[in-house]
Amino acid sequence: MQVFTSVIVLFLCFTAFVLYHIKDYRARKANSMISLAQVLGTNSISAIQFQDNEAGKNILADLRTVTPEVLNAAILDANNKVFATYSRAEVYNIDFTKNFIKGQQTKFVDKNLLVYKPINNNDEMVGTICLRVELSELNTIIKTQYTIAFILLIIGVALAFVLALIMQRYISTRLLSLVKFMNHVGATDNYKTHFVNDGGNDEISVLSTVFNKLLDQITESQQRKDEFIGIASHELKTPLTSIKAYLQVLEKREHDERNKVYVQKSLENAKKLENLVYDLLDVSKIQSGQLVLNMTEIDIDVLIDETITAFQIISKQHEIIKDGVLLGIIVTADKQRIEQVLVNLLSNAIKYSPDTNRVIVSTSKTDKNITIKVQDFGIGIAKEEQDKVFNRFYRIKEKSGHISGFGLGLYICNDIINRHHGTIHIESEPGNTIFSVSLPLTTKKVETEAAF
Ligand code: ADP
């Protein structure tokens with residue numbers, strides 16, 4: 001764009017420069033020829049008065065040596081009749097009276113200059129000197145000027161190109177690093193970092209300052225939101241626990257079958273609410289860095305079995321099948337939190353495969369870690385969504401919008417596993433989703449190890 005603008009500007013400048021020179025040359029030529037005609041006119045007065053054609057011709061003939069660029073010349077009398085003529089060798093005579101315009105002294109016709117200079121004697125016009133001047137020099141001037149202009153244009157464009165290249169590299173490097181930083185912030189949701197401004201004073205620096213301010217505002221509003229979530233979930237927890245306890249008592253005491261169903265439904269919903277409150281509390285703890293792990297030694301096989309059994313009681317539609325090897329391993333982990341992860345993955349596997357009836361939990365191990373996989377055959381997660389589902393409050397609306405959830409489970413799972421220095425990842429296509437959780441083996445090995 002810069003080069004293009006430079007080319008246009010340079011082209012316009014050089015055209016103006018050449019045109020100005022042509023105009024200047026023509027004006028100078030016209031003036032000098034008018035002066036020449038003036039001299040010729042003064043010399044011809046007596047020849048006209050005495051009707052001496054020969055004298056008139058002689059006066060004009062001097063032009064051959066004095067000004068060879070004059071192609072034709074003529075002396076007209078007071079009645080505009082031709083009195084004497086002159087033509088340079090090899091040049092035909094022309095009819096000056098044809099182009100004669102009263103009052104006009106010069107005229108440019110076909111690369112020639114025509115000059116008509118009245119001859120005055122004591123304020124009386126006695127005739128006119130006519131000249132046709134060759135402007136061959138003009139062609140040379142035009143040619144030279146255009147060549148110079150063209151060479152300068154090429155040099156100018158080349159310089160503009162080099163400058164644009166250097167400038168562009170400087171600008172785009174900074175712009176690209178800002179874009180890279182923006183993408184990084186977008187991908188990681190890390191709004192606490194800032195773009196390091198290079199101290200410049202241009203638009204890119206203004207842009208980065210505005211972006212940094214925006215990051216501050218986001219961080220601030222996130223902090224306020226986190227505070228609100230923390231306070232609200234804390235305040236909800238106590239009354240909810242008490243509602244749940246009363247409902248449990250009521251469920252045991254109530255003998256009327258219809259009322260019992262109502263109480264059970266209330267209890268179910270209270271439990272859902274309680275799960276949400278606990279999730280929100282966890283989120284709040286994660287955000288404030290207060291999610292502390294209570295590390296103990298746990299038998300991972302037992303934990304998986306217990307979780308599956310508990311789930312199988314609630315889940316009527318899906319059969320949860322255990323597959324793989326017996327890990328036979330004691331790992332040091334937070335039992336409650338690992339159970340929370342398993343519960344979440346199993347609950348998702350069931351929730352997001354409403355048209356199937358199978359969920360497989362498989363286990364495997366290497367020298368360095370153990371892996372637990374939860375596989376379902378449901379709606380699947382598109383490739384581009386697979387990283388995003390671990391973000392806070394992220395849900396895939398088009399596919400699972402009608403299924404209840406808050407988009408917190410995987411965020412919490414991811415944090416818990418990260419705190420255990422493990423990894424969690426997804427392999428998914430429609431009809432087959434596997435969540436794999438790997439935990440490092442900082443463990444004691446137990447004796448039993450058998451395939452099942
Ligand atoms: P929630 O299930 O409460 O919405 P999660 O954090 O557990 O929140 O899951 C985030 C999103 O990931 C879900 O909304 C859903 O769109 C998608 N998802 C999670 N597990 C599965 C799965 N097994 N199959 C398909 N989609 C899933």
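Mean sequence separation of contacting Cα pairs (under 8 Å, at least six apart), scaled by the length of region 108-227, corresponds to a relative contact order of 14 percent.
When DSSP beta bridges are restricted to pairs lying wholly in the chain, around 90% turn out antiparallel. Placing unit charges on the Cβ atoms only, positive for Lys and Arg and negative for Asp and Glu, gives the chain a dipole magnitude near 840 debye about its Cα centre. Close amide H partners of residue 119, meaning residues 5 or more places away or on another chain with modelled amide H under 5 Å apart, are 126, 127, 128, 129. Can you tell me which aspartates and glutamates have their Cα less than 19 Å from the Cα of residue 252? Leave out same-chain residues fewer than eight positions away. Within the straight-line cut-off, residue 252 pairs with 268. Taken about its Cα centre, region 1-73 carries a charge dipole of roughly 260 debye when the Cβ of each Lys and Arg holds +1 and the Cβ of each Asp and Glu holds -1. From the alpha carbon centroid of region 17-46 to that of region 399-424 is 94 Å. Along region 399-405 the Karplus relation, 6.51 cos²θ - 1.76 cosθ + 1.60 evaluated at θ = phi - 60°, assigns HN-Hα couplings of 9, 10, x, 7, 8, 5, x Hz to successive residues, with x for each Gly and Pro. When Rg and Dmax are taken over the Cα atoms of region 255-385, they come to 17.3, 58 Å. Cα centroid separation, region 180-240 to region 341-393: 30 Å.
Entry note, the chain: the mean residue ellipticity at 222 nm calculated from DSSP H runs of n ≥ 4, each adding -39500 (n - 2.57), is -19000 deg cm²/dmol after division by the residues and rounding to the nearest 500. Residues whose amide H falls under 5 Å from that of residue 370, counting only those 5 or more places apart or on a different chain, are 439, 441, with hydrogens built in the peptide plane. Considering only 167, 241, 181, the residue lying farthest towards the positive end of the dipole of region 160-288 is 241, judged by Cα position with unit charges set on Cβ.
Applying the Karplus relation 6.51 cos²θ - 1.76 cosθ + 1.60 with θ = phi - 60° to region 27-35 yields 3J(HN,Hα) values of 4, 5, 4, 4, 4, 5, 6, 5, 4 Hz, where x marks Gly and Pro. Only Cα pairs under 8 Å and 6+ residues apart enter the sum, and on that basis the relative contact order of region 257-335 stands at 38 percent. Ranking 222, 135, 362 by how far each Cα lies toward the positive end of the dipole of the chain (charges on Cβ) leaves 135 at the top. Normalised by the number of residues in region 28-84, the average gap of Cα pairs under 8 Å and 6 or more apart makes the relative contact order 26 percent.
A Cβ-based charge dipole, computed about the Cα centre of region 40-121 with Lys and Arg at +1 and Asp and Glu at -1, lands at about 260 debye.
Determine the alpha carbon to alpha carbon distance for each of 192/237; 225/335; 373/397; 180/388 and list only those over 27 Å. Where the Cα-Cα span goes over 27 Å, the pairs concerned are 192/237; 225/335.
Values quoted throughout were computed directly from the atomic coordinates according to the rules given, and no laboratory measurement underlies them. A quick note: this is a predicted structure, and the numbers were derived from the prediction, not measured. With ideal geometry, Cβ positions are generated from the backbone for all residues, glycine too; neighbour counts draw on all protein chains shown.
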